[in-house]
Amino acid sequence: MRLTPVAAAFALTLSVPALATATESPAPTQANAPAAKAPASTPAAGDLLFEQPQMKNAAPGSTITYDYIRRSGIAKGPFGAPLQDQITIKVEPGKQADARDMQVEMFSGLNRRPAGPFEDMTGNPVVPLFLENHVMALSKVLEANPRYLKLAIRKGLREKATVTPVKVPFDGKEVDGWRIEMKPFEGDAMGERMRGLDTLTYTFVTSPAVPGEIVSMEAVSKTKDGGELLEEKLGYEQKAG
């Protein structure tokens, strides 16, 4: 599988043997865990997120905006204060017909994160940027090696994800899309150390009709009584007119 440059960077870090902490061995994998079954016509989760030329329908000269929110109800606020901000992608032509050069502003003011620039890319950089930012925050809260968490997410996309067709409201109509859902830490050997966050559910929605193809991404975890451990969401902003 050939990945776009940013997606490849994320995947390469996932392929390195991971440690639960700097001094621990990786948790054993479930050798007999069945891969999620899907009809032949259903694309794989990894293909939808990392293989598609997602930027081909993003017009040069346009700006794609995503609304972002992160909040947590964990005592003492290890994730920090609630954060509500935006990620913007300014799109320019790339060397290839389906590729784009992109300037990314990831959050604003003191919340700003370094991102790019990205040159001659066919994939949407918001996918690995969201995942990298999420994993780094999660690893700090759990005092875990981020490579361990990345490996679990990578395996989750490959072995635990369900992909279903959905209708997505866009530009005053409904368009075809795909919904990807997984719980990568469910049943993890280190689950008891995750402060309840082993229940994290990741949901991605994509549609080839939406510029950049990424409609939304989220990571949500709740307690058994419905309390909010973590809610991290990103959504495509549809501009009026």
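A few points about this structure:
- Ala36 meets each of the listed conditions (1) surrounded by 14 or more Cβ atoms within 10 Å (Cβ to Cβ); (2) farther than 26 Å from Leu142 by Cα; (3) at pLDDT 95 or above apart from (3).
- If you filter region 188-206 down to residues that are under 18 Å from Gly227 (Cα atoms) and not in a helix (DSSP H, G or I), you find that the one that is modelled with the lowest pLDDT is Arg195.
- With respect to (1) loosely packed, with under 14 Cβ neighbours inside 10 Å; (2) in a loop (DSSP other than H, G, I, E, B), the lone exception for Pro211 is condition (1).
- Figure legend. Inter-residue proximity from region 172-197: first residues aromatic (Phe, Trp, Tyr), second residues not in a strand (DSSP E or B), beta-carbon distance below 6 Å, spacing 6+ or different chains. Indicated pairs: Trp178/Leu48; Phe185/Ala152; Phe185/Asp198; Phe185/Leu200.
- Filtered residue count, region 82-107, keeping only those that are farther than 13 Å from Ser62 by Cα and within 20 Å of the chain's Cα centre (by Cα): 9
- Residues within region 62-91 that are in contact with a Gly (Cβ under 7 Å, 6 or more places away or on another chain), part of a strand (DSSP E or B) and not hydrophobic (A, V, I, L, M, F, W, C), tallied: 2
- Out of Ser25, Ser62, Ser41, Ser15, sole residue that is under 20 Å from the mean Cα position of the chain (by Cα) and either modelled with pLDDT under 50 or of a type in the set (Gly, Ala, Ser) (or both): Ser15
- Candidate set from region 135-186 (those that are over 15 Å from the mean Cα position of the chain (by Cα) and acidic (Asp, Glu)); member that is surrounded by the most Cβ atoms within 10 Å (Cβ to Cβ): Glu159
- The selection criterion, being within 23 Å of Arg154 (Cα to Cα) and assigned to a loop (DSSP other than H, G, I, E, B), holds for Gly123.
- Candidates Lys95, Lys90, Lys150, Lys160, filtered to the one that is without any contact (Cβ under 8 Å) to a residue 40 or more places away in the chain and closer than 26 Å to Asp47 by Cβ: Lys95
The values are calculated or read from the model by the stated rules, or taken from the named source; none is laboratory data. Source: prediction; values computed, not measured. Please note: Cβ atoms are built from the backbone with ideal geometry, for glycine as well, and neighbour counts cover all protein chains shown.
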